[in-house]
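Since every read-out is calculated from the coordinates, none of them should be taken as a lab result. Note that the structure is predicted; figures quoted are calculated from it, not measured. Cβ sites come from the backbone with ideal geometry, for glycine too, and all protein chains shown count toward neighbours.
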Amino acid sequence: MICLLRWSAFVWMLSFIPSSLEMAVSELTGDLCPSLNVEEHRFSDILDRPLEITGFDLTEKFLLRKGTVTEELPSFRLGSSPLIKPTKLIFPNGLLGEYSLVSIFRVRRTTKKDRWYLWQIFDQSGGSQVSVVVDGAKRVVEFFSLGLQKNALRYTFKSRDLHALFDRQWHKLSISVQSNIVSVYMDCKLIERRLTDEKDNVDPSGRTLITTRVEDGRPVDIELKQILIYCDPYMAEMENCCELLECAAEKIFNGTVPPVDSAQNPQMQPQPPSQSNDRCHCPTGKEKPALISLDGSSEQKGDKGDKGALGSKGHMGIDGEGVSTVVSPADILYIAYVAHLDLGS
């Protein structure tokens, strides 16, 4: 009888441990990854469950945009101030080894051949923990991360499909980081996938930066709409590209992303069915989105017209109030120090 009771107690403990472990993992993930407010129309129609989206909006964290994500994303002209902050302000409790990075940007004529960090996290000593490099001269994308044994994991994605990333048009560059796989997507198409060693979690001590030149640590002059870090590695695959569709092109593509020709690139995988056209729609009036620079000015981009007659000199306008990024001398020295380390390695 006593043996029977002991066996029952043992079986009960075994059944309790998985649920307790699941609760612990859930609580840990909740602490690491806050809820992220994004619109469901950003994602494909293959979802059969409500989205519970967690992650970090780096565009907001670096004070480029205040408030939550809106349907019509403004674009920001970068290149005036270094964008670097303590990692604890961006990822207060660190970042797990699996996540998605989703960015929307376009390079400018003067910077299309630059080599720059889209995103990088340093430890306290200035060593890189994770980074994504965009190299315009070689037209490649590089991913770096530390492995579980603190070994360096470096992968260069050289597909010819990435060449269009440097044509000075808007593109969505996404990276899915799983425990043993890194996948690169451009404009919602799988470009390349690599098997990797398992990656380590990110330590929140140190600094995090975005859009910074590798050569000298100076900010790169690009236009940016968004950089998101999702805590789910599959979100990079589930996002659609409605933001990139021109209104005039909707009749051609029927409001969907053009199909992928996997025969041209054997590394590319079959894509999910295209999104329904009610998820990709034009703004009323078909207005052009505003371009906001970090000095506070904004512009409406329109079609080029004929050259007009020279007008009279106007009155001096008042200064606008824009997004300001306060950078201390210590931050500038830190960027120069890290750039020196990277060039020396």
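Some notes on this structure:
- Based on every Cα atom in the stretch 129-173, Rg and the maximum pairwise Cα distance Dmax equal 12.5, 40 Å.
- Take the convex hull of the alpha carbons in the stretch 123-257; its mean projected area over all directions comes to 9.2 nm².
- Prolate/oblate/rounded call for the stretch 180-226, Cα gyration tensor, a/c under 1.5 rounded: oblate
- Normalised radius of gyration (Cα atoms, divided by 2.2 N^0.38 Å) for the stretch 127-202: 1.12.
- Links that overshoot a 27 Å alpha carbon limit, given the list 88/112; 138/172; 113/158; 158/199; 85/225: 88/112
- Across the stretch 124-241, the relative contact order, built from alpha-carbon pairs under 8 Å that are at least six residues apart, equals 21 percent.
- Using the Cβ-Cβ distance between residue 123 and residue 35 with R0 set to 41 Å, the FRET efficiency works out to roughly 0.90.
- 5 angstrom amide H check on residue 130, placed H, neighbours 5+ away: 121
- Cα shape, the stretch 48-199, gyration tensor, a/c 1.5 rule: rounded
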